[in-house]
Protein chains: 4
Amino acid sequence: MFSLPTRVYYEDTDAGGVVYHANYLKFYERARTEFLRQLQIDQLNVAQKHDAVFAVRHIDIDYLRAAKMDDLLIVTAAVEQMRGASIIFKQQILRGEECLSEATVRVCCVSASAFTPREIPSFIRERLTS
Amino acid sequence: MFSLPTRVYYEDTDAGGVVYHANYLKFYERARTEFLRQLQIDQLNVAQKHDAVFAVRHIDIDYLRAAKMDDLLIVTAAVEQMRGASIIFKQQILRGEECLSEATVRVCCVSASAFTPREIPSFIRERLTS
Amino acid sequence: MFSLPTRVYYEDTDAGGVVYHANYLKFYERARTEFLRQLQIDQLNVAQKHDAVFAVRHIDIDYLRAAKMDDLLIVTAAVEQMRGASIIFKQQILRGEECLSEATVRVCCVSASAFTPREIPSFIRERLTS
Amino acid sequence: MFSLPTRVYYEDTDAGGVVYHANYLKFYERARTEFLRQLQIDQLNVAQKHDAVFAVRHIDIDYLRAAKMDDLLIVTAAVEQMRGASIIFKQQILRGEECLSEATVRVCCVSASAFTPREIPSFIRERLTS
């Protein structure tokens with residue numbers, strides 16, 4: 001499974017002394033972006049040459065344990081399901097053996113110019129299912 | 001229902017030209033905080049005098065339409081359910097008549113010192129149900 | 001002088017219990033944006049109709065006292081100097097009588113399409129100097 | 001000189017299509033934190049065992065060229081000057097041969113408990129000057 005190491009810095013924390021809850025979504029997106037990059041899917045290139053961008057449509061996220069300043073986290077990303085115009089990712093944030101958070105993220109493929117739903121380009125579909 | 005007007009600034013947007021998806025969670029929390037403040041529930045005071053803080057445990061969020069730079073949004077907050085140690089909020093982000101996002105947010109009351117679950121202080125329970 | 005009230009939320013703080021230093025720059029920009037809006041200068045409109053956007057070129061910022069969770073801050077903005085293609089703003093962040101931060105911000109007018117320096121549109125120049 | 005590679009993600013950009021200006025300060029702090037970590041200076045440990053934290057007091061930053069989505073940046077950090085209770089860092093953000101930004105950052109050593117200025121612990125001083 002794809003996984004990205006991510007360090008927690010001051011910018012990520014809040015006055016509660018732990019990572020601010022909205023920032024977990026940033027970690028999840030970094031992992032999805034690097035997962036795509038590893039498959040030679042460059043989002044800027046896809047937007048410009050294929051008129052396709054991925055927009056987040058739905059997130060279901062559980063916060064199980066708090067991530068803290070200086071933690072070295074592992075953020076995973078895996079495709080759970082693929083439809084014509086959307087992809088469902090299953091993701092986790094781990095600290096060693098501990099699971100700190102789990103999320104299900106549905107992204108929808110939309111036209112970069114018109115922002116209307118469109119089919120996922122076939123080369124992306126192929127690389128994500130191989 | 002409680003509602004908070006919130007302006008979209010450059011800081012909230014991303015290179016897609018719309019509000020970055022993680023930042024919707026910030027808007028939702030601003031509304032919850034002001035909702036509590038309006039009921040004379042001051043979170044810093046509650047942490048110091050009652051050893052209680054609210055930690056986000058679960059969020060289910062739908063992104064329906066994109067918020068944009070300079071938009072004047074309305075963010076709502078209402079208590080959907082209250083249990084012994086947790087509260088479920090139902091929230092929306094509106095732009096005029098349009099609903100841009102909906103979220104269900106479960107926060108859990110934890111000890112500010114030990115970070116373990118504890119009963120919601122009774123004065124908070126009363127103000128939220130009245 | 002123009003001033004914008006701004007509330008500090010959890011999102012703005014860090015594990016040190018105070019507002020994260022980079023977030024002062026967000027507060028300063030909100031104030032510049034509202035200052036322009038008050039003069040009927042709509043940055044999106046200026047970008048689209050006049051091919052002009054303002055890019056930050058230099059900031060000199062002093063951090064004098066720490067802003068904290070729940071603080072109600074006042075952020076000021078005033079034009080200190082205007083040149084052909086740039087504007088220098090003088091700004092402060094206040095909490096009651098206390099000055100928490102001071103900044104000098106130089107923004108440069110650039111073509112929205114080519115990102116090269118250009119003259120400040122004359123109607124903006126007039127409104128900012130009147 | 002110490003340098004940290006940093007990737008630009010969606011979270012870092014704004015509707016102008018480039019990295020939001022306040023986020024350069026986050027990149028600079030990540031580099032200072034890793035610079036200290038490399039010298040076995042763990043900021044959490046220093047706060048707890050030596051009652052010392054570093055607070056940013058002054059930043060002078062130049063924005064020379066815009067960083068963009070997906071850029072792989074190099075962020076440098078070097079000590080320019082050390083006084084009794086403060087350190088002045090000189091930092092740059094590079095993209096290949098291009099310098100995108102330069103900053104001078106003064107941090108002050110303060111008591112973690114009282115938030116008043118105090119001497120830099122001697123082991124930190126020694127490691128930073130060796």
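The values are calculated or read from the model by the stated rules, or taken from the named source; none is laboratory data. What you see is a predicted model; the values in this text were computed from it and never measured. Methodologically, a virtual Cβ is constructed for each residue, glycine included, from the backbone with ideal geometry; neighbour enumeration extends over all protein chains shown. Keep in mind that these areas ignore ligands, DNA and RNA; they rest on the heavy atoms of the full protein, side chains included. Shrake-Rupley method; radii C 1.70, N 1.55, O 1.52, S 1.80 Å.
Being buried (at least 18 other Cβ atoms within 10 Å of the Cβ) and at pLDDT 95 or above is the filter here; which residues of segment D:35-44 pass it? Outline the logic, then answer.
Residues of segment D:35-44 buried (at least 18 other Cβ atoms within 10 Å of the Cβ): D:35-36, D:43.
Selection gives D:Phe35, D:Leu36.
Per-residue answers, yes or no, for (1) of a type in the set (S, T, N, Q); (2) at pLDDT below 95:
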position	(1), (2)
C:His50	no, yes
C:Glu98	no, no
C:Ser101	yes, no
C:Val107	no, no
C:Phe115	no, yes
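Of the conditions (1) open to solvent by 10 Å² or more (accessible area, probe 1.4 Å); (2) in contact with a helix residue (DSSP H, G or I) (Cβ under 8 Å, 6 or more places away or on another chain), A:Leu25 satisfies every one except a single condition; which number is it?
Of everything listed in (1) open to solvent by 10 Å² or more (accessible area, probe 1.4 Å); (2) in contact with a helix residue (DSSP H, G or I) (Cβ under 8 Å, 6 or more places away or on another chain), A:Leu25 misses just condition (1).
Look through segment B:71-101, keep the residues that are acidic (Asp, Glu) and surrounded by fewer than 17 Cβ atoms within 10 Å (Cβ to Cβ), and return whichever of them is farthest from B:Tyr24 (Cα to Cα).
Residues of segment B:71-101 that are acidic (Asp, Glu), as a first pass: B:71, B:80, B:97-98.
Next cut, surrounded by fewer than 17 Cβ atoms within 10 Å (Cβ to Cβ) only: B:80, B:97-98.
Values: B:Glu80: 19, B:Glu97: 18, B:Glu98: 15 Å.
That would be B:Glu80.
Pick from segment A:1-49 the residues that are among the aromatic types (Phe, Trp, Tyr) and part of a helix (DSSP H, G or I): which of them is farthest from the other protein chains (Cβ to nearest Cβ)?
A:Phe35
Among what's in segment D:45-54 and is surrounded by fewer than 17 Cβ atoms within 10 Å (Cβ to Cβ) and without any contact (Cβ under 8 Å) to a residue 60 or more places away in the chain, pick the residue that is nearest to the chain's Cα centre (by Cα).
Only one residue tops the list, namely D:Asn45.
Can you find a residue in segment C:87-104 that is in contact with a Cys (Cβ under 8 Å, 6 or more places away or on another chain) and under 30 Å from A:Val19 (Cβ atoms)?
yes
Which residues, taken from segment C:103-130, are in a strand (DSSP E or B) and surrounded by fewer than 16 Cβ atoms within 10 Å (Cβ to Cβ)?
Filtering segment C:103-130 for residues in a strand (DSSP E or B) gives C:103-111, C:117.
Correct list: C:Ser111, C:Pro117.
Against the condition touching a residue at least 12 places away in the same chain (Cβ under 8 Å) and in a loop (DSSP other than H, G, I, E, B), how does B:Arg57 come out, does it pass?
Numbers: touching a residue at least 12 places away in the same chain (Cβ under 8 Å): yes; in a loop (DSSP other than H, G, I, E, B): no.
It is false that B:Arg57 is touching a residue at least 12 places away in the same chain (Cβ under 8 Å) and in a loop (DSSP other than H, G, I, E, B).
When the residues of segment D:59-70 are narrowed to those that are open to solvent by less than 50 Å² (accessible area, probe 1.4 Å) and on the phi < 0 side of the Ramachandran plot, which ends up farthest from the other protein chains (Cβ to nearest Cβ)?
Of the residues in segment D:59-70, the ones open to solvent by less than 50 Å² (accessible area, probe 1.4 Å) are D:59-63, D:66-67, D:69-70.
Then drop every residue that is not on the phi < 0 side of the Ramachandran plot, which leaves D:59-63, D:66-67, D:69.
Numbers: D:Ile59: 5, D:Asp60: 5, D:Ile61: 5, D:Asp62: 5, D:Tyr63: 5, D:Ala66: 7, D:Ala67: 11, D:Met69: 5 Å.
The selected residue is D:Ala67.
So for segment D:18-28 (the condition being in contact with a Cys (Cβ under 8 Å, 6 or more places away or on another chain) and among the aliphatic types (A, V, I, L, M)), does at least one residue qualify?
Initially, segment D:18-28 is screened for residues in contact with a Cys (Cβ under 8 Å, 6 or more places away or on another chain), giving none.
Looking for residues that are in contact with a Cys (Cβ under 8 Å, 6 or more places away or on another chain) and among the aliphatic types (A, V, I, L, M), one finds none in segment D:18-28, hence no.
Within segment C:19-33, can one find any residue that is in contact with a His (Cβ under 8 Å, 6 or more places away or on another chain) and within 20 Å of D:Ile61 (Cβ to Cβ)?
Yes, because at least one residue in segment C:19-33 is in contact with a His (Cβ under 8 Å, 6 or more places away or on another chain) and within 20 Å of D:Ile61 (Cβ to Cβ).
Consider B:Ala78 carefully, then state whether it is in a loop (DSSP other than H, G, I, E, B), among the aliphatic types (A, V, I, L, M) and either away from chain A (no Cβ under 14 Å) or more than 21 Å from A:Val18 (Cα to Cα) (or both). Please lay out each step first, then the result.
Working: in a loop (DSSP other than H, G, I, E, B): no; among the aliphatic types (A, V, I, L, M): yes; either away from chain A (no Cβ under 14 Å) or more than 21 Å from A:Val18 (Cα to Cα) (or both): yes.
Taking the combined requirement at face value, the residue does not satisfy it.
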